[in-house]
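The values are calculated or read from the model by the stated rules, or taken from the named source; none is laboratory data. None of the values given here were measured: they were computed from a predicted structure. Glycine gets a Cβ as well: all are built from the backbone with ideal geometry, and neighbour counts include every protein chain shown.
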Amino acid sequence: MFEKSTSESVRSEQTTPERTAPARTAVSIRHLSKSFDGVEVLRDVDLEVREGDVVTILGSSGSGKSTLLRCINWLERPDSGSIHIGGQRIGVNDAGRPMPVRELARVRARTGMVFQSFNLWPHLNVLHNVTEAPIHVLGKSKAEAETHARELLEKVGMSAKADAYPSTLSGGQKQRVAIARALAMQPEVMLFDEPTSALDPELVGEVLAVIRDLSAEGYTMIVVTHEMAFSRAVSDKVVFLDKGLIIEQADPETFFTNPSTERVRKFLEREES
Amino acid sequence: MNASAWHMLLEGAWTTVWISGISIAMGVTAGLILALIRLARIPVVDQLLVLYISLARATPLVTLALFIFLSAPTFGINLDRNVAGILALTLNTTAFNAEIWRSAFRNFSRDQREAAMAAGMTPWVTFRRIMLPQMMITSLPGLINEMSFLIKGSPAIAVIGIVDLTRVTNRISAVTYDPLPPILVACALYMAAIGCLVWLQRIAERRANRLAV
Amino acid sequence: MSNWEILWSARDQFWSGFFSTMEIFGLSISAAFAIGCGMLYLLEGSRPRLTVPLRVFIDGMRMLPFLILAYLLYYGLPAFDIRLDAWWSGVGALAVYHGCYFAEIFRGARLTFPPGQVEAAKAHGFTKGKMFFRLILPQIVMQTRPLLGNQLIYALKDTAFLVIITVQELTAAANSLSGTYFIPTEAFIVVIGFYWAVSVVMEIIIKQCGRFSAKRGFDHV
């Protein structure tokens, strides 16, 4: 996966002249806008995520943060702007036309997504939830996919439940399986859409612990979340979205101790209380 | 009832079973195909299918069987009566099955489809691997219910001269002059067949409910 | 003469077939409705000596094809020295058969009927019969009308089975016309059109009832 993205990221480097750090760009978002029924949800958003970085996106509900994440793998179609994943543009092909579904699916497979409501497939057991896409999208053999799946389930602490069906699991367990499912595609970027918001408070910790472990292993991750302490602990960069605009982008120390905008200061005060 | 009466009765039962079985298999498949075509919302084709479903739901099976069997020769087609019977049952059950499949499609969880797309599945793989297996489970109770209705409607094919489980009771009483026993045995056989389907339907419902959790 | 002109000249036969079908249908579903309501009332009491056989009977009927019941009445009853002609066998079979379906539909709705309403009625001193006919039955009928509407369409379609026991109704008319003039396609298209029109009209009426019922707040109790 590392080698595959090298040649493509050369192209993206040319489009980002202001970049100084040596790491390659994993996701590059340019002038992204999106509106629903005339309401602007995203306004001219620019965002750069480097390989190995963990970026958390904060903001109050309705700020557009989930929409931004869902645009990255084209679950939402932006109205304008561009998104590159590992140097490859998603959704629009070289000729500037909408991507054919097969090609779009291939680009999507380079990202892994974890949903707020888990969205496990209820007709498949835990192991098969994890192996389904590697077998039928990547074309892996069953044996290879299952070996890899068992490693991943071990990593998220769910190997004992490999044969269980999703309906028998707790929310925290479901989400850990969903994380393993996304990892199984060996994605270049992991996208987390409020992964703990649908969980009972006592189950939040086990899921956050898994995500924290992943960040330590060097995965590139974009996490939409409400968990401030978590964001501060794992992020390389914190992005604050307000009414569809990115109004603050900073490293976590600066963001949480010395934010430059009044809006973020108010937000942090309210979250603390 | 003597041995030959029993023999005739079982033959009638077999006729009902195989003609219903073929019609069910064709009707379930054709219903799925129609549901898929309707999802594509092709103009004109869509309206024609709506008309077909509305007509098929309102047309009595007896009338449909007679219509097919009697009017085919005027178009120069010589239909075997069994084929005409199967055609009538299939045309009828397909309309109901199409509606069952279509509602399974429309109620399919958007979240799960998104999860499949996010994992890089193409629409076809998503349909085949994620949607269809679940739609089969959720539609099964409705499909089995429709199978019961088909068997309950199957005596209609007697009108074009097929000797099914109902019609055979006439044949037997023409010899024995005692119509009640064969009719009662036929009742018992129908109850056994449909009782089985009701039982299967209950199991299918339990499985479908488990999936919905 | 074109085939359609032949049909037009034979329109009286269609009309009489149509009216015969509607007569059978109207009479039998009225009786079926009454039977359904009566069975629901009998199921109200908690006497197992009555409710158990009644439920077995209802479930048994629902496992039979309609035609075999018509056979039972038409060919089977003479064994007990009860002789019904084809017409009355047909109407009787339709009434009993669909009465059981109506009863099952009502019973399903009765299971989810709010018990608080029954308690309130008891507290106000309603007798069992008054409570049933003034309180429970009207709500259950309004609530189940989409299912009742479906059942009406099934009942209409089942009338066509009666051609097999020689009742002269709509399908029999088409059958005899197509035999006489050898114009089966046209004859049956007209007859299917009749059945379709009646079904569509019934669906519209059920929908209109829905509007009335929504206005009266039956759906939001």
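Has the range A:142-156 got any residue that is closer than 26 Å to A:Gly218 by Cα, of a type in the set (Gly, Ala, Ser) and over 19 Å from the mean Cα position of the chain (by Cα)?
As a first pass, look at the range A:142-156 and keep what is closer than 26 Å to A:Gly218 by Cα: A:144-156.
Cutting the leftovers down to of a type in the set (Gly, Ala, Ser) gives us A:145, A:149.
Keeping just the survivors that are over 19 Å from the mean Cα position of the chain (by Cα) gives A:145, A:149.
The answer is yes, given that some residue of the range A:142-156 is closer than 26 Å to A:Gly218 by Cα, of a type in the set (Gly, Ala, Ser) and over 19 Å from the mean Cα position of the chain (by Cα).
Within the range B:176-190, is even one residue surrounded by fewer than 16 Cβ atoms within 10 Å (Cβ to Cβ), modelled with pLDDT under 95 and more than 11 Å from every other protein chain (Cβ to nearest Cβ)?
Yes: the range B:176-190 contains one or more residues that are surrounded by fewer than 16 Cβ atoms within 10 Å (Cβ to Cβ), modelled with pLDDT under 95 and more than 11 Å from every other protein chain (Cβ to nearest Cβ).
Taking A:Glu103 as meeting all but one of (1) of a type in the set (Asp, Glu); (2) part of a loop (DSSP other than H, G, I, E, B); (3) within 14 Å of chain B (Cβ to nearest Cβ), write down the number of the exception.
Unmet for A:Glu103, out of (1) of a type in the set (Asp, Glu); (2) part of a loop (DSSP other than H, G, I, E, B); (3) within 14 Å of chain B (Cβ to nearest Cβ): (2).
Would you check which residues across the range B:67-101 are assigned to a helix (DSSP H, G or I) and acidic (Asp, Glu) and list them? Give the derivation first.
Our first condition is that a residue be assigned to a helix (DSSP H, G or I); within the range B:67-101, this holds for B:67-71, B:73-75, B:81-101.
B:Glu99, the sole residue that qualifies.
Please determine whether any residue of the range C:74-84 is touching a residue at least 12 places away in the same chain (Cβ under 8 Å) and touching a Phe, Trp or Tyr at 6+ places or on another chain (Cβ under 7 Å).
no
Return yes or no: is B:Asn170 more than 9 Å from chain A (Cβ to nearest Cβ), free of Cβ contacts under 8 Å to residues at least 60 places away in the same chain and either part of a helix (DSSP H, G or I) or charged (D, E, K, R) (or both)?
Working: more than 9 Å from chain A (Cβ to nearest Cβ): yes; free of Cβ contacts under 8 Å to residues at least 60 places away in the same chain: yes; either part of a helix (DSSP H, G or I) or charged (D, E, K, R) (or both): yes.
In short, yes.
Look through B:Ala188, B:Ala208, B:Ala192 and report the one residue that is of a type in the set (Gly, Ala, Ser) and under 19 Å from B:Ala5 (Cα atoms).
Of the residues listed, the single one that is of a type in the set (Gly, Ala, Ser) and under 19 Å from B:Ala5 (Cα atoms) is B:Ala188.
Of the residues B:Thr94, B:Thr74, B:Thr90, which is under 30 Å from B:Ser20 (Cβ atoms), away from chain A (no Cβ under 11 Å) and free of Cβ contacts under 8 Å to residues at least 12 places away in the same chain?
None of the other options fit; the residue is B:Thr74.
From C:Met131, C:Met142, C:Met63, which residue is within 9 Å of chain B (Cβ to nearest Cβ) and surrounded by fewer than 23 Cβ atoms within 10 Å (Cβ to Cβ)?
So the residue among C:Met131, C:Met142, C:Met63 that is within 9 Å of chain B (Cβ to nearest Cβ) and surrounded by fewer than 23 Cβ atoms within 10 Å (Cβ to Cβ) is C:Met63.
Got at least one residue in the range C:78-85 being surrounded by fewer than 18 Cβ atoms within 10 Å (Cβ to Cβ), assigned to a helix (DSSP H, G or I), among the aromatic types (Phe, Trp, Tyr) and within 14 Å of chain B (Cβ to nearest Cβ)? I'd like the intermediate steps shown before the answer.
In the first step, residues of the range C:78-85 are kept if they are surrounded by fewer than 18 Cβ atoms within 10 Å (Cβ to Cβ); the result is C:78-85.
Then drop every residue that is not assigned to a helix (DSSP H, G or I), which leaves C:78-80.
With the extra rule that they be among the aromatic types (Phe, Trp, Tyr), the set shrinks to C:80.
Next, only the ones that are within 14 Å of chain B (Cβ to nearest Cβ) stay: C:80.
Within the range C:78-85, one or more residues are surrounded by fewer than 18 Cβ atoms within 10 Å (Cβ to Cβ), assigned to a helix (DSSP H, G or I), among the aromatic types (Phe, Trp, Tyr) and within 14 Å of chain B (Cβ to nearest Cβ).
Out of C:Ile192, C:Ile205, I need the residue that is under 21 Å from the mean Cα position of the chain (by Cα), more than 8 Å from chain B (Cβ to nearest Cβ) and either surrounded by fewer than 17 Cβ atoms within 10 Å (Cβ to Cβ) or at pLDDT 80 or above (or both). Which one?
Working: C:Ile192 fails: more than 8 Å from chain B (Cβ to nearest Cβ).
One residue alone meets the criteria, C:Ile205.
Hey, among the residues in the range A:136-151 that are within 14 Å of another protein chain (Cβ to nearest Cβ) and within 28 Å of A:Glu206 (Cα to Cα), which one's surrounded by the fewest Cβ atoms within 10 Å (Cβ to Cβ)?
Among them, the one singled out is A:Ala145.
Here is a check on your reading of the model: is B:Leu140 within 14 Å of chain A (Cβ to nearest Cβ) and at pLDDT below 90? Spell out the reasoning first.
Values: within 14 Å of chain A (Cβ to nearest Cβ): yes; at pLDDT below 90: no.
No, not satisfied.
Tell me whether the range A:68-75 contains one or more residues that are more than 12 Å from the chain's Cα centre (by Cα) and assigned to a strand (DSSP E or B).
no
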